[in-house]
Amino acid sequence: MKLNWLEFAAMNNPVRAWLQHHIEARRLLEMGGPATNARALEIGCGRGVGSKLILDVFHAATVDAFDLDPRMIKRAAKRLKNRGNRVTLWVGDATQINAPDSTYDAVFDFGIIHHIPDWHKAVAEVHRVLKPRGRFYAEEILKDFILHPLWRRLLDHPRQDRFDHQQFIDALNQAGMTVTADKPFRQSIGWYIAEKKT
């Protein structure tokens, strides 16, 4: 799903960028370690803040990134224009990732999968494009937050078949990954590191 006007505004402001850099990326780095010299993928890249972090904080060699919204890809291209051939961007869908099997050493999800109605298919696609022993770094918004009456009025998330912390771990395991680290926060947000089985 594309973001509604409020979510679009929230994702395109300095506060969101600060949180992504100082809390989200830092926590995932502590849990999963760097992705040094990796060929990485970011699903739902928004305006490119995450892709920049993947290069600068996680030390990936390259990052491919896509978003469902062409406006976001334009913003990401502007932000990342000085990265040359280290970045490839396209408009795409996380349930049909435009990449061959076993392409990436690392896949990053900065709060995207909870926006996807068929989120199980997105998890399966992440597994498909990861190399054996490749790592999935994920931050996700959980069911209790999405279904809270206030946020239901303000945000436009799918409401059917949403996941809690354990259900997301179970889905990663069922897709063929092993969760090596996880951390929930008040049943509203979860951070996850998973590795594709060999």
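The values are calculated or read from the model by the stated rules, or taken from the named source; none is laboratory data. Computed from a predicted model, the values in this text were never measured in an experiment. With ideal geometry, Cβ positions are generated from the backbone for all residues, glycine too; neighbour counts draw on all protein chains shown.
Which one of Glu42, Glu30 is touching a strand residue (DSSP E or B) at 6+ places or on another chain (Cβ under 7 Å) and among the charged types (D, E, K, R)?
Of Glu42, Glu30, the one residue that is touching a strand residue (DSSP E or B) at 6+ places or on another chain (Cβ under 7 Å) and among the charged types (D, E, K, R) is Glu42.
Restricting to region 103-138, give me the number of residues that are in contact (Cβ under 8 Å) with a residue 24 or more places away in the chain, surrounded by fewer than 23 Cβ atoms within 10 Å (Cβ to Cβ) and in contact with a Ser or Thr (Cβ under 7 Å, 6 or more places away or on another chain).
Residues that pass the stated criteria total 7.
Filter region 52-68 down to the residues that are surrounded by 18 or more Cβ atoms within 10 Å (Cβ to Cβ) and either without any contact (Cβ under 8 Å) to a residue 40 or more places away in the chain or touching a helix residue (DSSP H, G or I) at 6+ places or on another chain (Cβ under 8 Å) (or both) and list them by number. Let's see the steps before the verdict.
Of region 52-68, the ones surrounded by 18 or more Cβ atoms within 10 Å (Cβ to Cβ) are 52-55, 58, 60, 62-68.
Result: Lys52, Leu53, Leu55, Phe58, Ala60, Thr62, Val63, Ala65, Phe66, Asp67.
State whether one or more residues within region 176-185 are closer than 27 Å to Ala60 by Cβ, part of a loop (DSSP other than H, G, I, E, B) and modelled with pLDDT of 95 or more.
Within region 176-185 (the criterion being closer than 27 Å to Ala60 by Cβ, part of a loop (DSSP other than H, G, I, E, B) and modelled with pLDDT of 95 or more), the answer is yes, since at least one residue qualifies.
Please give the helices (runs of 4 or more DSSP H) falling wholly within region 1-89 in which 3 or more residues are at pLDDT 85 or above.
Helices (runs of 4 or more DSSP H) meeting the threshold: 25-32, 49-56, 70-79.
How many residues are small (Gly, Ala, Ser) and over 13 Å from the mean Cα position of the chain (by Cα) if we restrict to region 120-143?
Going residue by residue through region 120-143, those that are small (Gly, Ala, Ser) are 122, 124, 134, 138.
Narrowing the set further to residues that are over 13 Å from the mean Cα position of the chain (by Cα) leaves 124, 134.
So the answer is 2.
For residues in region 145-175 being of a type in the set (A, V, I, L, M) and modelled with pLDDT of 90 or more, which is surrounded by the most Cβ atoms within 10 Å (Cβ to Cβ)?
Only one residue fits best here, namely Leu172.
Taking the stated definitions as given, is Leu142 crowded, with 24+ Cβ neighbours inside 10 Å, touching a residue at least 40 places away in the same chain (Cβ under 8 Å) and either at negative phi or of a type in the set (D, E, K, R) (or both)?
no
With the requirement that a residue be touching a helix residue (DSSP H, G or I) at 6+ places or on another chain (Cβ under 7 Å) and more than 21 Å from Thr103 (Cβ to Cβ), what does region 23-51 give you?
Correct list: Ala25, Gly46, Arg47, Val49.
Find the residue count for region 112-140, including only residues that are more than 17 Å from Ala181 (Cα to Cα) and part of a strand (DSSP E or B).
The total comes to 3.
Which of the residues belonging to region 36-51 are surrounded by 23 or more Cβ atoms within 10 Å (Cβ to Cβ) and either touching a Leu at 6+ places or on another chain (Cβ under 8 Å) or of a type in the set (Gly, Ala, Ser) (or both)?
Ala40, Gly44, Cys45, Gly46, Gly48, Gly50, Ser51
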